[in-house]
There are 2 protein chains.
Amino acid sequence: MPERLVVIGCDAAGGAAASQARRLRGPDELEIVALEKGGYTSYSACGIPYWVGDVVDGPYDLIARDPDTFRDRFDIDVRLREEVVEIDLEAREVTVARLGDSGGSYILEYDQLMIGTGAVPVRPSLPGIEAEGIYGIQTLGDGEAVRNAIDKGPKKGVVVGGGYIGMEMAEALFNRGMDVTVLEAATEPMATLDPDMGRLVSDAVVGMGIAVHSNEPVEGFEMGTDGRVRAVVTAEGRYEADVVILGLGVRPNSDLAAEAGVPVGPTGGIRTDRMQKVDGLEGVWAGGDCVETYHLVSRRPVAIALGTHANKQGRVAGINIGGGYLTFPGVVGTAVSKVSDVEIARTGLREKDCQAAGLQYVTALVRSNTRAGYYPGASPISTKIIAEKRTGRLLGAQIVGFTESAKRIDALAIALWNGMTVEELAGTDLSYAPPFSPVWDPILITARKAAEAVEDDIKEAVVHFERRRGRV
Amino acid sequence: MPERLVVIGCDAAGGAAASQARRLRGPDELEIVALEKGGYTSYSACGIPYWVGDVVDGPYDLIARDPDTFRDRFDIDVRLREEVVEIDLEAREVTVARLGDSGGSYILEYDQLMIGTGAVPVRPSLPGIEAEGIYGIQTLGDGEAVRNAIDKGPKKGVVVGGGYIGMEMAEALFNRGMDVTVLEAATEPMATLDPDMGRLVSDAVVGMGIAVHSNEPVEGFEMGTDGRVRAVVTAEGRYEADVVILGLGVRPNSDLAAEAGVPVGPTGGIRTDRMQKVDGLEGVWAGGDCVETYHLVSRRPVAIALGTHANKQGRVAGINIGGGYLTFPGVVGTAVSKVSDVEIARTGLREKDCQAAGLQYVTALVRSNTRAGYYPGASPISTKIIAEKRTGRLLGAQIVGFTESAKRIDALAIALWNGMTVEELAGTDLSYAPPFSPVWDPILITARKAAEAVEDDIKEAVVHFERRRGRV
C-alpha cells in the first residue's frame, strides 16, 4: 500500500509540492490526491489585471499546468470543484465537499498533508459591501467575473486601495475605456513604497488620466434597488461606480487550518519550519499565500502573497515530502509592478518598517538616467536607499522609473540578502555600457549618497557629543 | 605656497582625481595642472561606436566635463595638446611637450602626481599594418578619423577581432551602409564569453547580414600604391577593405611610467595599492585603463579598460590626494554590450579562466524568457552559470538575450561579489511580476540547475570512489 499525500489547493504551492513529491516518489510509493475548490489549477494570479486589461489572453494562457498535465504526466489525481471543509489532524483525514451539481461530501485519509489554500482579498465590513459589482481580485474566477462585468460596457470604475493590484486594475479598467478613480486611505498610493516614492507613481498615474484621491478612506457603498453598487462614499465625497475593485490587499486563507488546530502566527499565516513542515505537526506541510515566512532584514514573520514565493515553498515542501532535503530561506520583501510606462520596485524595509523594527536610518534619493544621457531612450529613474545609521548596512531600496528601471532592484535585493553596507555597495562592479547605464550606475550613485549620509550623521553625532561634553 | 598636483591625462581617471582632490583642498592649498595630449577632456570612449554608427551625436555629446568646466568650476589648469614625454621621479618633475603649432617643451615640478594615461589599441606587427585606413578605436580623435573615412562613402569594411568593440564597430559600419566582415582568430567571436555563449552572439550578428569568419587570424594587410589599405589577408582568404577597424583589444598605456621606474605588473598595468597610490612611491597615484587591479574571484591582477572603473579609481585617488580615505576594492569582471537587438553580459570567470586559476567547475545553461511567457514582449534569454565543484560557489555568469536581458547581470555580479553559492542564489528573493520575469526568474532557474549539477558531480565522485575501493 502506498502512502497517500493529500494536497489542499492545487495552485502554485500545492501544484509544485505535488509534482516535486512525485518526481522523487513514484505512484507505487506515493498516491497523490489534489483537491481544488476552483475550476483551474496552477495559474498566474498576477496575470489577472493584464487579462482584464486585454493586454494578455486568458484564462488558459495564465495556466502554467492544467489538470490533464497533472494527471497524465505526474499521475496526480486532481479533483476540481472539490473543497476541503474540515481537517482532522488526530484522525489524519479531511472532509471534502463536492461543489458541482452532484453535491455531497466524503472523507479522505492522508499520510502526508500539504496545505496550499492561498489568500483571500480583504473585504472591509462597511455598509453596502455586499452589493453586487464589488470585486476582489485573487482567482481566475474573480478575473472572469470582472471581465464579464466590463463586457457590459460600464462607464465608471472605482478602485478602493491604491496598492499594486489596485493600480494595475485601475490601469486595466482605464485601458478598457472606463473613467477610473482610485481611493487611497494613506497619504500616497503604493503604500508598499515610502510616501516620497509613492508620490512619483501617483503623479504618473494622474498624468495618464486616472483620478487618484489620497487620504480618503472609504466609509461605505451605495447600493441600488437592484442590489448593484451605485457609488463609493468617503468623508470627502461620493464617487459613482458601475464596477468597484477592492485593492486592499489579501490575507492568508488559514481559517480552515486554524480551526483544525494548525498553528497560525501573528500575521494570520500558518507557521512552518524551514522545510515548510507545519510547526509541531508531523507529515503536515504548508506553503504559498496561506503561510507566514521570515523576513531576513526585519527578522520578523511576514505574510507576503506572491507567486514566486509560493512556487519556491511548494517545491521545498514537495522535495521534503519526497524524502529529499531543501529549505526555504526567507525573504527580503522584493516586489515589482508597473502602471502604464512607470515601473515600480522595492526590496527590504520602508522607513516605517525600520521604525517598527527599532532600526535608525538615513536615506538617499537620487534621480538619474537608465542609460548614458546622450544615448537614445535614456529615461528618468529615481532610486531610494535606506541605510542603518552608524553601520551603514543596507536596509531597503525602492525604484520608480520608466522602461528598464524596475528589474534593477534585483541587484539591491542580493546586496540586502548579503547584509552589505552602502559603502561597499557603492564600490561594486556593476555593468556599464552607454545603452544600459550612465558611467555611474544609478544604484552606485545612490549607494554613494547613502554612504555620505551615514558619514555625515556620524560627524553630527560626534559634534553633538563634543558639545555636551564641553557643557559638563 | 600651495602644493602642486600634476595630472597626466585628463580623461575619466585623471579628470575624476583632479576634481575630487579640488573638492577637498582649495586653490590656496593645492594647485592642479592637468596635461592632456588630446583635444578633449573626460569623454565617453564607450560611446564612440554609437557616434560612428549615427546612433548618438558627437563628439561634444560624449564629453562629460569640458576644459572650461574644469577651469571655471574647479579651478583646474587644463592644458590641451600638451603631452608628458618624461617623468623624473627623483626630481619630482615632468617634461611636457607642446603638440600645437608653437611646439617646444617645458619642465613642470610636482608634489603629487596622478597618472591617467589610459590605454592604447593593440596593433599587431603584421605586414601592411602601416597602411592608411586602418583604425584603432580608443580616443575621440580615432572616432573622428573613422567618421571622416566613412563620410567618403567606402563600400567594404573589415573588422579585425570580434570582441565587444569589434562587434559594436561592425554594427556601426553596417548601419552606415557598408558591407561588413568580422575576422576572428578564436573559435567564436565575443571571446569575453565562453564559446557556447559567443556562438549565440555570432549567430545573431550573421542574421543581421554581417559576415563573421571565426578561426581566421589575420596574416597581413594589402596596401595600394596610394598607401591605403586594399584588403585583409588570412590563411583562408583575402577580404577587400576600404576601411579596417582593429578590435583586438587595448593594453595599458604604461610605457612612459615604466621608463621612469614606475612599477608595472604582469598585465602591463601600473601597480597600485588599494588607495590607488603607486606601489612604493610616495605622492604618485594612478588609475583607469593604465593600471592593473585585483580580480576578486581569480585573486589575480587584471587590466580591464572600462570607464566605470576609471571613474571610480580616479575618484579614490582624488579623495586620498585630498587627505580623505577611500579604497578601490577590485573587480569581478562585469561587462555588458549589445549588437543590434542582442544584449550581451558577463561577470566573473569564463571556463578557461577557471582552468587557469586551478578551479574545477560545473556549468548550467538555460534558455528562458525575459517576461512571463504569456505577456507581450517576452523574449528569449540564455543564462549560463559556472559554479565551483564541491563548494557550489558561483564563479561566473554570462547572459545573451534580447531587450531587458543584459542588466540582469548586476544581480549575479553582486552575488559573485559576496561569494554566494548557487544553492543559496537559487533561493534568493528576486523580483517577479509578469511584465518583468517568469515566476521563476531566469537567474533562479539557472542557479538551480547549477546547484543540481554540483550535486550530481558529488554523487558521481562518490560512486567513483566506492568503485575504486571495491577494486582494491
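The values are calculated or read from the model by the stated rules, or taken from the named source; none is laboratory data. Just so it is clear, the structure is predicted and the values come from calculations on it, not from any experiment. FYI the Cβ positions are ideal-geometry reconstructions off the backbone, even for glycines, and counts take in every protein chain you see. We work out accessible area using only protein heavy atoms, side chains counted, and drop any ligands, DNA or RNA first. Shrake-Rupley method; radii C 1.70, N 1.55, O 1.52, S 1.80 Å.
Being of a type in the set (Ser, Thr, Tyr) and within 17 Å of B:Gly14 (Cβ to Cβ) is the filter; apply it to the stretch B:29-55 and report the residue that is nearest to the other protein chains (Cβ to nearest Cβ). Filtering first and then ranking leaves B:Ser44. Among the residues of the stretch B:160-184, those identified as of a type outside the set (A, V, I, L, M, F, W, C), open to solvent by less than 20 Å² (accessible area, probe 1.4 Å) and in a helix (DSSP H, G or I) are B:Gly166, B:Glu168.
Filtering the stretch A:417-443 to residues that are open to solvent by 10 Å² or more (accessible area, probe 1.4 Å), more than 20 Å from B:Cys46 (Cα to Cα) and either in contact with a strand residue (DSSP E or B) (Cβ under 7 Å, 6 or more places away or on another chain) or part of a loop (DSSP other than H, G, I, E, B) (or both) leaves A:Asn418, A:Gly419, A:Thr421, A:Gly427. State yes or no: is B:Gly14 assigned to a loop (DSSP other than H, G, I, E, B) and in contact (Cβ under 8 Å) with a residue 60 or more places away in the chain? No; evaluated as a whole, the condition is false for this residue. Across the stretch A:392-409, the qualifying residues are those that are more than 28 Å from A:Ser340 (Cα to Cα) and in contact (Cβ under 8 Å) with a residue 40 or more places away in the chain, and the one among them that is nearest to the other protein chains (Cβ to nearest Cβ) is A:Leu394. The single condition from (1) more than 24 Å from the chain's Cα centre (by Cα); (2) at the interface with chain A (Cβ under 9 Å from one of its Cβ atoms); (3) of a type in the set (Gly, Ala, Ser) that B:Gly283 fails is (2). When each of A:Thr428, A:Thr421, A:Thr446 is tested for being within 12 Å of chain B (Cβ to nearest Cβ), within 26 Å of B:Arg65 (Cα to Cα) and not aromatic (Phe, Trp, Tyr), the lone residue that passes is A:Thr428. Any chance you could count how many residues in the stretch B:254-303 are open to solvent by 30 Å² or more (accessible area, probe 1.4 Å), within 21 Å of B:Gly323 (Cα to Cα) and in contact (Cβ under 8 Å) with a residue 60 or more places away in the chain? Result for the stretch B:254-303: 1. Taking the stretch B:338-354 as the range and being modelled with pLDDT of 95 or more and hydroxyl-bearing (Ser, Thr, Tyr) as the test, only B:Thr347 passes. In the stretch A:56-84, how many residues are at the interface with another protein chain (Cβ under 10 Å from one of its Cβ atoms) and surrounded by fewer than 19 Cβ atoms within 10 Å (Cβ to Cβ)? Counting residues in the stretch A:56-84 that are at the interface with another protein chain (Cβ under 10 Å from one of its Cβ atoms) and surrounded by fewer than 19 Cβ atoms within 10 Å (Cβ to Cβ) gives 4. Could you please let me know if A:Leu412 is open to solvent by less than 10 Å² (accessible area, probe 1.4 Å), of a type in the set (A, V, I, L, M, F, W, C) and at the interface with chain B (Cβ under 10 Å from one of its Cβ atoms)? Criteria met by A:Leu412. Scanning the stretch A:212-234 for residues that are assigned to a strand (DSSP E or B), open to solvent by 20 Å² or more (accessible area, probe 1.4 Å) and over 19 Å from A:Ala191 (Cα atoms) gives A:Glu219, A:Glu222, A:Met223, A:Arg228, A:Arg230, A:Val233. Candidates are the residues of the stretch B:142-159 that are of a type outside the set (Lys, Arg) and open to solvent by 30 Å² or more (accessible area, probe 1.4 Å); the one that is farthest from B:Pro121 (Cα to Cα) is B:Gly153.
Filter the stretch B:315-333 down to the residues that are among the small types (Gly, Ala, Ser) and away from chain A (no Cβ under 11 Å), then identify the one that is nearest to the chain's Cα centre (by Cα). The qualifying residue nearest to the chain's Cα centre (by Cα) is B:Ala317. The residue of the stretch A:304-314 that is nearest to the other protein chains (Cβ to nearest Cβ), among those that are touching a residue at least 40 places away in the same chain (Cβ under 8 Å) and of a type in the set (S, T, N, Q), is A:Asn311.
All of A:Thr403, A:Thr363, A:Thr370, A:Thr446 fail the test of being surrounded by fewer than 18 Cβ atoms within 10 Å (Cβ to Cβ), of a type in the set (Val, Ile, Thr) and touching a strand residue (DSSP E or B) at 6+ places or on another chain (Cβ under 8 Å), apart from A:Thr403.
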